[in-house]
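First comes the structure, then the notes that go with it.
The values are calculated or read from the model by the stated rules, or taken from the named source; none is laboratory data. Bear in mind the structure is a predicted one, so any value in this text is a computation, not a measurement. Reconstructed Cβ throughout: ideal geometry from the backbone, glycine too, with neighbour counts over all protein chains shown. Accessible surface areas use protein heavy atoms only, side chains included; no ligands, DNA or RNA. Shrake-Rupley method; radii C 1.70, N 1.55, O 1.52, S 1.80 Å.
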Amino acid sequence: MAFRTLDDMTFAGKVALVRVDINVPVENGQVTDTTRIDRIMPTLRHIIEAGGKAVLLAHFGRPKGKVVASMSLAQVVPALEAALGRPVAHAPDCIGAMAKRAVSEMAPGDLLLLENTRFHPGEEKNDPELAASMAALGDVYVNDAFSAAHRAHASTEGIARQLPSCAGRLMEAELKALQAALGNPMRPVAAVVGGAKVSSKLELLSNLITRVDHLIIGGGMANTFLAAQGLAVGKSLAEHDMADTARAIVQQAKGSGCTIHLPSDIVVAREFAAHAAHQTLPADQCPEDSMILDAGPETVAAINALLADCRTLIWNGPLGAFEIAPFDSATNACAREAARLTAAGTLVSVAGGGDTVAALNRAGAADSFSYISTAGGAFLEWMEGKTLPGVAALET
Ligand code: ADP
Ligand code: MG
């Protein structure tokens, strides 16, 4: 996959339309988490330092094609200005006369945030006319919103077909990390897939078994696999109706040279609660009145020994109910070992998923991972082997 980056473009005197993901959490008019804003700074700084005019295109919330005042991007302007240390103008539409005037008033090095692209019904329909109206505002298109790239929308896909286009720094970093993990990885490759359900990650599992050497299954998902092998799982979260699917995945993995690893010991409790009375047992000994909430120390030791032999790790989904101590133990221990191996230079580690990122942060391991994707759905679709329309549109 080849795509242009900021280094292949010139920005001096040009209007760069930059698709960003600044769909940040806002409470009482205040942005409460600036992660997404911080991550687009390298791209915005590059453009304005090169003497370009940066015109930001973005969505906010789900206004479903109508103007919804509470979903105006105006409320994000102060946080953008704080991060950049310079003023950011705002136009009340992303196309039309008002947007045109706002762009015409810009000097090189200026920034302008256009209004929520989803106020137009054509955005989510990838309407070529809307894409053309947006494209008419600028000279070049920069996509720095990997997290929106799994959707073929006018501001993510259609517009890229109408202007010279490239990936921004965040998009570039994300694509490089994902290629290193799944495209042409250093082997052996291990994947940790955990979390709540098999049903929500079926396509992920099906793709990974054809790509990785070791698939480590944890969390509620492991319960489904254990149950499918005839083991009692008591009151555990498990999808018994997925037993056939789980057995089919195990069978397919055998055929493609992927070793599946299930917990050999488990931590069980009678209730899903922090510090609930618990015990560690062999995986085939779950009492009828208990639920499996974490993997045990023997499983952790086996996973960590395996990671020491691997060169690449993909991680999605916690190994247990990580929100409630002590059932975060396996997740914490394996995350910290992966972080240590990464820092030591023997492992490339890439992780993504809402709860996964939270769990790795909790473990204090996130900073040492090679790459943490904050892209959610787009990360998962990439790991499922799907083509992301917003990325495909950037390919040269
Ligand atoms: P991500 O958001 O990273 O994709 P998921 O949403 O698939 O991850 O999974 C996270 C959820 O799985 C957490 O809420 C966690 O409590 C739950 N979970 C993990 N293991 C278990 C378990 N053994 N029993 C019940 N819930 C579990
Ligand atoms: Mg989740």
Tell me which residues come under 5 Å, amide H to amide H, from LEU56 once H is placed; ignore anything under 5 positions away on its chain. VAL18, LEU112, LEU113, LEU114
Count of lysine pairs in the chain with Cα atoms under 21 Å apart, counting only pairs 8 or more residues apart in sequence or on different chains? 12
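Nearest 0.05, what FRET efficiency do ASP284 and GLU81 give at R0 = 41 Å with Cβ-Cβ as r?
0.10
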Computed lengthening from ALA302 to ALA12, 0.36 nm per intervening residue step minus Cα-Cα distance: 98.9 nm
Could you check the simple spin-label distance between PHE272 and GLU27, using points 7 Å along Cα→Cβ, in nm with one decimal? 2.3
At 0.890 mPa s and 25 °C, Stokes diffusion of region 185-383 via Kirkwood alpha-carbon radius, µm² per second: 149
For every helix of n ≥ 4 consecutive DSSP H residues, a contribution of -39,500 (n - 2.57) applies; sum these over the chain, divide by its total residues, and give [θ] at 222 nm rounded to the nearest 500 deg cm²/dmol. -9500 deg cm²/dmol
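Heavy atoms only, probe 1.4 Å: what % of the accessible area of the chain goes to carbon and sulfur, would you let me know? Mind showing how you got there, number by number?
On the way: 8030 of 15840 Å².
Answer for the chain: carbon and sulfur cover 51 percent of the accessible area.
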Spelling it out for GLY385: with amide H atoms placed in the peptide plane at 1.01 Å from N, the residues 5 or more places away or on another chain with amide H under 5 Å from its amide H are none
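If you restrict to DSSP beta bridges whose two residues both lie in region 185-383, what percentage is antiparallel, to the nearest 5? If you can, show how the numbers build up before the last one.
Working: 9 of 28 bridges.
Restricted to region 185-383, the bridges split so that about 30 percent are antiparallel.
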Whole-Hz Karplus couplings 3J(HN,Hα) for region 22-39, θ = phi - 60° and coefficients 6.51, -1.76, 1.60, Gly and Pro as x, run 10, 7, 8, x, 10, 10, 6, x, 10, 6, 9, 9, 9, 3, 5, 5, 4, 6
What FRET efficiency comes out for the pair ALA132/ARG247, r = Cβ-Cβ distance, R0 = 30 Å, nearest 0.05? 0.05
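Can you give the % of DSSP beta bridges in the chain that are antiparallel, to the nearest 5? Please list the in-between numbers first.
Values: 12 of 49 bridges.
Once the DSSP bridges in the chain are tallied, antiparallel ones form about 25 percent.
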How much area per residue is accessible in region 185-383 when the probe is 1.4 Å and only protein heavy atoms are counted (Å²)? 39
Using θ = phi - 60° and the Karplus relation 6.51 cos²θ - 1.76 cosθ + 1.60, list the HN-Hα couplings for region 374-385 in order, rounded to whole Hz, with x at every Gly or Pro. 9, 7, x, x, 5, 4, 4, 5, 5, 5, 7, x
What residues of region 180-194 lie in the reach of a label at ASP309, counting those whose backbone N is under 13 Å from a point 7 Å from the Cα along Cα→Cβ? 188-190
Around ILE216, which amide H atoms from residues at least 5 apart in sequence, or from another chain, sit under 5 Å from its own amide H, with H modelled in the peptide plane? ALA191, VAL192, VAL193, HIS261
Calculate, axis by axis, the spread of Cα positions in the chain along the three principal axes, and write the results as whole Å, longest axis first. 71, 42, 38
Karplus couplings for region 257-268 from phi (6.51 cos²θ - 1.76 cosθ + 1.60, θ = phi - 60°), rounded to Hz, Gly and Pro as x? x, 9, 8, 8, 10, 10, x, 9, 9, 9, 10, 10
